[in-house]
Each structure stands twice: as structure tokens, then as C-alpha cells.
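The values are calculated or read from the model by the stated rules, or taken from the named source; none is laboratory data. Remember, it's a predicted structure, so these values are computed and weren't measured experimentally. Don't worry about glycine lacking a Cβ; one is built from the backbone with ideal geometry, like all the others, and counts go over all protein chains shown. Accessible surface areas use protein heavy atoms only, side chains included; no ligands, DNA or RNA. Shrake-Rupley method; radii C 1.70, N 1.55, O 1.52, S 1.80 Å.
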Amino acid sequence: MKRNTKKAWKQTVLLMLTITVVFIMLSVLTNRPNEQPIVHHAVLTYKPTVEKYAKVYDVEDYVDIILAMMMQESGGRGNDPMQSSESYCGSIGCIQDPELSIKQGVYYFSETLKEANYDLKLAIQSYNFGKGFIQYVKDTGEQFNQEVAIEFSRKMYQNAKDPSIYSCLRKEAKQYNACYGDIYYVQSVMRYADEMTEEE
């Protein structure tokens, strides 16, 4: 009788330990709110090309930012990894060469940075919204902030000749009716950039 009780006790303790370990592992795997996103290897393979054009356009200090923007734009996939066709030819998809995409993307970023008086967040958001956003922020007398990004996106969306060409990338954008561009572009880019800085 005592042997059976001892065996049952050991089995109960072992079962409790196993359940505890499983719960801890599940908690670690599923509950990581502050974890940074992972920058795809495809993006990092373009680092030498980004560095090359960053030197040409005098933005060598912003290589990680540019790579983070590429990550947000395309994850390094496709023939236009910087999604810079619109700034190059005025329409989506005209660039079919990754190096040209990077050259144009780095050039356009360098121009937004100058026009934004080196306000990095304003320059980053303007890469996504277009340089008209810089003037909009200047006209409001504000610095870049989330509210002004939402307001600009909402106005551009409401005043668009054909709003159907824009899709709300995020549910938060839908609730604000701010479906022009990505209103949280800066946050996403900065998270990727922070991750790369930590890994260096």
C-alpha cells in the first residue's frame, strides 16, 4: 500500500513539473510583446549596394535606416526592393532592376532628408507619403508627430480622385479613415533599424 502511495506521489510530482515546464515554454514562445521584428536576410544582402549609393548621395550615416525602409517596403523581395518606381517615373512597377531601385531609393531619401532639414522621422514618413508631406508639416507649423501623419493621410485619402486605388494597410488606419500611405511607417522602420543597431 505504501509503495503504491509513494509511486502515485512521484507520478503526480512528475506530472506537475511537466505541466509547469510546458506552460513556461508556451508563455515564452507566445507572449513576446516587446520582441523586435526580424530583418530578412534578403534585405541584408543588399547592404553593400546601399552603402555604395549612400556614399554617392552623402547619407552614409543612414545605411541602417535605408535598409530598415527596404524591409518595410518589400522585405528585400522583387525587382524594386525600395519600391521607388513612383519617385523615378511616376507610376508603380517601372523599375525592374534591384540596383536601380536602390539607387533611386537612396537618392530620394537623401532629397527628403535635405528638404526636411534633417528631421529624420519627417524624412522617413515623407519617403512613404511623398515630399508634399514635408511642406504640409511646415505649413502647419508642427514637427513630425503621429497626429499630423494621420491628418495628412486622411486628407489625401478623402481628396483623392479615386480613393479605391488605396487600401488601408492597417486596421488602425481604417478607423481613422486614413488610408493614404502607411500612417505608422516611421514606427515600423525605426523598430527594424533598432534591431540592426543591436545586432552590430
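Odds and ends about this structure:
- When region 94-139 is limited to residues that are within 23 Å of residue 80 (Cα to Cα) and of a type in the set (Gly, Ala, Ser), the one that is farthest from the chain's Cα centre (by Cα) turns out to be 132.
- Selection of region 121-177 for residues being aliphatic (A, V, I, L, M) and surrounded by 12 or more Cβ atoms within 10 Å (Cβ to Cβ) yields 122, 123, 124, 134, 137, 148, 149, 150, 156, 160, 169, 173.
- Qualifying residue in region 96-110 (condition: under 25 Å from residue 173 (Cβ atoms), open to solvent by 10 Å² or more (accessible area, probe 1.4 Å) and not aromatic (Phe, Trp, Tyr)): no
- Yes/no for residue 86 being at pLDDT 95 or above and either among the acidic types (Asp, Glu) or farther than 15 Å from residue 127 by Cα (or both): no
- In region 65-88 there is at least one residue that is in contact (Cβ under 8 Å) with a residue 60 or more places away in the chain, within 18 Å of residue 184 (Cα to Cα) and open to solvent by 40 Å² or more (accessible area, probe 1.4 Å).
- Among the candidates 192, 157, 180, the residue that is assigned to a loop (DSSP other than H, G, I, E, B) and modelled with pLDDT of 75 or more is uniquely 180.
- Inter-residue pairs, beta-carbon under 9 Å, first in a loop (DSSP other than H, G, I, E, B) and in region 121-139, second open to solvent by 20 Å² or more (accessible area, probe 1.4 Å) and of a type in the set (Ser, Thr, Tyr), 6+ apart: 130/87; 131/87; 131/108
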